[in-house]
Each structure stands twice: as C-alpha cells, then as structure tokens.
Amino acid sequence: MANVTRNLAFADEFISATLVENVVDYDVGDAVVVNISPSPMITGHEHAAIVPAWKSTWLKGGRIRSAQRTALIKVVQPTNLGGCMFRGWDWLGNRVKSFPRDTPLFISPQDEIGTVSLDPEVFTNERIRPETSQSFILKLNLWWAPGDTDCFIHNEHPFLETHTQIHGAGRMQKFRQRNHKTLYEDVPMAIGYSHDPFCRVTGKNQWTYPWHRYYSDTDSVWLAIELHP
Ligand SMILES: [Fe+2]
C-alpha cells in the first residue's frame, strides 16, 4: 500500500509531525522532509533530485516521488512553543542524574517506528557498499532548547544517531575533551539540514563517538534519529 500515513508521537497543535511509508508521488505543502531509511529518496516534479539515506530537505510545494519511509515535520504554532514542558515533554535532568541542574534541554515523547536492516558502516559513511546487514530499531524524538543553550558535551550512546534541524538554528560541535574550549569542529544546523553521523563503528554493536554536543543559537527544535541494535 502506498503512502501509509500516521501522526508521530510528538505531533500536537504546535508541531505537525507525520510518518509516511512506501511514499509515491506525495505532495508536501511546507515541511522538513527526512529520509529515515537506508535507501535514496527521490524528490521533484519536472527535475528529479536525490536525498540520500538519513538526509533531509525542506519542501515548500514540492513532491516526494518515491521513498521507503519519511518523517514530515513543521512547527505550525511558534507562539508558546517553549511551553513544551507543560505538554508532556521531559527535562533531561529528570532522566540523567549527572545532567547539569541549570540546563534547559527538553525531550519529547519518543516514537518507535519499526526495524531497519543496514550495514552500520554504510550508515557511518565508512563503507560505500553494504557487506553485512543488521537489524536496528528506529526511534525518533524531538528536542527543544531556548537560544544559547549548551546541550551537554557527551561521548557515549548505546545507539547510532544523527539529527535534523526543524526550527531555529544551532550547531553540532565536536571537542577533543569534555571542555568547550577544546572545540575542533562546528557543524551549522539550519532548518531542513541533517548532519553526517559522528560515530565510527569499532566492532559488532560497538562504536565510538567524539565528545560532542548540540548548541542552540536561537530557540530550537531538532529531531533525533536513533538506531538501536
Ligand atoms: Fe549525542
């Protein structure tokens, strides 16, 4: 069946968020469209274009010609968007004891989408053609932080991750040590952009991350894409 559509767990009157699977000739009025699959997404009317696996774009009256699985996300009501903690979003400090007590970083409900089979080294761009295939559980959630928030330098995840900017502007940053003065890479995150994965595969279900953080330049909403083994 084509264009199987449902709301994502974090959809509400402030943020429209839709999952569309087996996408065929699907018109998008105005939304960030994220290719949450290991296959290319084809967009365009007269002039086709490819959005690679796990990348994204901002369509405004555009068309998805074909895709395995996409998330369409748009902030439709920016007024009081920052009241997300009163609508079921959780302060990260409630979940992580070591999280700084004064950092306003909030996580939406998480949506477990299903499974995806891929070669993790293709996901990390360490390999072009798949040599193995492994099943991962795909989970999505949103984050919100006000402008100029240090969203915590960390380097451990039991999953593969990447992020897409949905609203506002920020940066994904890499550090030599757990110290903001040791910054060595700054990846600007503008609406519709997904950064390349930061992790490298080191073994079966093993990978390393550099010290990294998200830094919000303005009030921001961004999407976390997690692949859990
Ligand atoms: Fe991270």
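The values are calculated or read from the model by the stated rules, or taken from the named source; none is laboratory data. As the structure is a prediction and not an experimental result, all values here were calculated from the model. With ideal geometry, Cβ positions are generated from the backbone for all residues, glycine too; neighbour counts draw on all protein chains shown.
Structural remarks
- Verdict on GLU46 being at pLDDT below 95 and surrounded by fewer than 16 Cβ atoms within 10 Å (Cβ to Cβ): yes
- If you check ASP119, ASP219, ASP186 for being within 16 Å of the ligand (Cβ to nearest atom) and surrounded by fewer than 20 Cβ atoms within 10 Å (Cβ to Cβ), only one passes: ASP186.
- From the options VAL28, VAL33, VAL51, residue that is surrounded by 14 or more Cβ atoms within 10 Å (Cβ to Cβ) and in contact with a Phe, Trp or Tyr (Cβ under 8 Å, 6 or more places away or on another chain): VAL33
- Only one of the numbered conditions (1) more than 12 Å from the ligand (Cβ to nearest atom); (2) closer than 20 Å to PRO38 by Cβ; (3) of a type in the set (D, E, K, R) is not met by ASP150, and that is (2).
- Selection over the stretch 200-215 of residues that are assigned to a loop (DSSP other than H, G, I, E, B) and among the aromatic types (Phe, Trp, Tyr) gives a count of 1.
- Scanning the stretch 201-216 for residues that are in contact with a helix residue (DSSP H, G or I) (Cβ under 9 Å, 6 or more places away or on another chain), within 14 Å of the ligand (Cβ to nearest atom) and closer than 19 Å to TRP54 by Cβ returns a single hit, TRP207.
- Taken over the stretch 189-200, the residue count meeting the criterion of being aromatic (Phe, Trp, Tyr) and within 13 Å of the ligand (Cβ to nearest atom) is 1.
- One residue alone among THR18, THR103 is within 20 Å of ILE191 (Cβ to Cβ) and not aromatic (Phe, Trp, Tyr), and that residue is THR18.
- Of all residues in the stretch 158-183 being exposed (fewer than 15 other Cβ atoms within 10 Å of the Cβ) and without any contact (Cβ under 8 Å) to a residue 60 or more places away in the chain, the one that is nearest to the ligand (Cβ to nearest atom): ARG178
- Condition check for SER39: over 15 Å from LEU223 (Cα atoms), modelled with pLDDT of 95 or more and either outside any strand (DSSP E or B) or among the basic types (Lys, Arg) (or both): yes
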